[in-house]
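The values are calculated or read from the model by the stated rules, or taken from the named source; none is laboratory data. Keep in mind that what you see is a predicted model, and the values were worked out from it rather than measured. Using ideal geometry, Cβ is built from the backbone for each residue, glycine included, and neighbour counts are taken over all protein chains shown. Accessible surface is based on the protein model in full, side chains and every heavy atom, while ligands, DNA and RNA are left aside. Shrake-Rupley method; radii C 1.70, N 1.55, O 1.52, S 1.80 Å.
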Amino acid sequence: MLFEQAAYLYIEDKTEGRKPVRPNTLEGYLSAIKCHLMPRWCGVEVEQITADQLQAWLDSFERAGAAHKALKTFRQIFRWYLRKFRVQVVDPTQYVELPRVVRRQPNALTAKQAKQALRDMRGQQWEACALIQLSCGLRPCEAIALTGADINLSTGTVKVDKGLHEAFGQVYESETKTDKSTRTVVLPRYAVDRLREIRRSANQSRSERLCCLRPTAYRRQVRAWFKRRGIRMCAQWLRHTWGTLALQAGTPIETVSLMLGHSDISMAYQHYLCANVSLLRDSQRSFGVMLASA
């Protein structure tokens with residue numbers, strides 16, 4: 001079978017099969033197929049693709065991130081083809097090496113910057129979403145999916161059980177990213193008070209979303225707002241800011257992971273604890289005090 005036929009059948013299966021993928025995931029697959037896979041593998045028999053050919057193709061990429069995305073999609077199609085048609089051939093993807101990706105370190109606001117941002121963003125149409133992100137560590141898709149019914153201002157709790165996404169020009173709602181992402185988080189007192197003010201001034205019904213913007217527009221406006229203030233920040237990094245500041249405030253890593261909705265606590269260790277210089281300084285300060293008093 002030609003690779004383009006296998007790719008077409010794979011997309012058909014992921015669209016209408018037993019386990020269809022989310023539209024934004026499907027959009028990513030189609031983008032990789034069009035931009036990276038078809039220019040090289042169109043007209044090539046799937047079973048004739050070798051590890052050497054695959055390695056040469058990956059080495060031709062100028063950007064490491066694009067190579068990783070391309071191989072991920074290629075691997076998905078190839079292994080699906082082997083399972084679907086019970087083909088007994090060597091999987092060439094297990095013998096290739098990918099270029100090292102230099103990952104961009106997320107930025108986190110300081111406590112002073114976060115406090116100032118909460119003051120300055122008052123009145124923005126996306127304020128309620130950004131406020132909850134910065135106060136509870138929600139993902140952007142989770143915050144923008146919230147309605148008035150999800151927030152109990154009497155108990156200060158927020159029910160997180162859905163996300164709002166955008167794909168193929170359409171906005172759609174889906175379940176949370178993982179089972180652990182479906183959770184209830186607790187708002188700090190200042191956030192409850194401000195959300196009460198916003199609810200009174202906006203006169204919103206409980207069924208209305210906190211923000212009427214589309215997901216991409218929300219992310220774009222938040223980024224632009226911080227950029228005008230000379231701060232490199234995006235909606236996703238508001239979540240990172242909460243995790244970083246919560247650890248600095250002494251919140252246990254297990255609680256931070258629970259609030260963030262990580263599928264595994266190792267995610268919190270990897271992205272927050274190991275890079276938190278403030279915690280390391282505090283630890284060494286305590287260690288020095290102990291030695292001095294011995």
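Restricting to the stretch 163-207, give me the number of residues that are within 13 Å of residue 129 (Cα to Cα) and not β-branched (Val, Ile, Thr).
Result for the stretch 163-207: 7.
Out of the residues in the stretch 92-112 that are farther than 15 Å from residue 248 by Cα and charged (D, E, K, R), state the one that is least open to solvent (accessible area, probe 1.4 Å).
97
If the requirement is being open to solvent by 30 Å² or more (accessible area, probe 1.4 Å), modelled with pLDDT of 95 or more and closer than 24 Å to residue 84 by Cα, which of these qualifies: 40, 22?
Going through 40, 22 in turn, the sole match is 40.
If you take the residues in the stretch 213-242 that are outside any helix (DSSP H, G or I) and not aliphatic (A, V, I, L, M), which one is surrounded by the most Cβ atoms within 10 Å (Cβ to Cβ)?
234
What's the number of the only condition in (1) touching a Leu at 6+ places or on another chain (Cβ under 7 Å); (2) touching a residue at least 60 places away in the same chain (Cβ under 8 Å); (3) not charged (D, E, K, R) that residue 247 fails to meet?
The one condition residue 247 does not meet is (2).
Under 7 Å by Cβ, and 6 or more places apart or on different chains, what pairs join a residue from the stretch 59-74 that is within 19 Å of residue 46 (Cα to Cα) with one that is in a helix (DSSP H, G or I) and among the β-branched types (Val, Ile, Thr)?
Listed pairs, sorted by first residue: 71/93; 73/33; 74/93.
For the stretch 122-133, how many residues are crowded, with 22+ Cβ neighbours inside 10 Å and more than 14 Å from the chain's Cα centre (by Cα)? Spell out how you get there, then give the answer.
At the first step, the residues of the stretch 122-133 found to be crowded, with 22+ Cβ neighbours inside 10 Å are 126, 128-133.
Pick out the ones that are also more than 14 Å from the chain's Cα centre (by Cα) and you get 126, 128-132.
Selection size over the stretch 122-133: 6.
With the checklist (1) part of a loop (DSSP other than H, G, I, E, B); (2) modelled with pLDDT of 95 or more in hand, flag the one item residue 34 doesn't pass.
Condition not satisfied by residue 34: (1).
Could you say which residue among 82, 71 is surrounded by 12 or more Cβ atoms within 10 Å (Cβ to Cβ), under 26 Å from the mean Cα position of the chain (by Cα) and of a type in the set (A, V, I, L, M)?
71
Determine if the stretch 203-212 includes at least one residue that is surrounded by 14 or more Cβ atoms within 10 Å (Cβ to Cβ), assigned to a helix (DSSP H, G or I), out of contact with any Gly (no Cβ under 9 Å at 6 or more places or on another chain) and touching a residue at least 60 places away in the same chain (Cβ under 8 Å).
No, that holds for no residue.
What pairs can you find where one residue is in the stretch 91-109 and within 23 Å of residue 268 (Cβ to Cβ), the other is open to solvent by less than 40 Å² (accessible area, probe 1.4 Å) and polar (S, T, N, Q), and their Cβ atoms are less than 9 Å apart, with a gap of 6+ or different chains?
That search, which allows pairs on different chains as well, returns 106/241; 106/244; 107/241; 108/241; 108/244; 109/241; 109/244.
Every residue, every condition in (1) modelled with pLDDT under 90; (2) crowded, with 17+ Cβ neighbours inside 10 Å; (3) touching a Cys at 6+ places or on another chain (Cβ under 9 Å), yes or no:
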position	(1), (2), (3)
245	no, yes, no
255	no, no, no
263	yes, no, no
275	yes, no, no
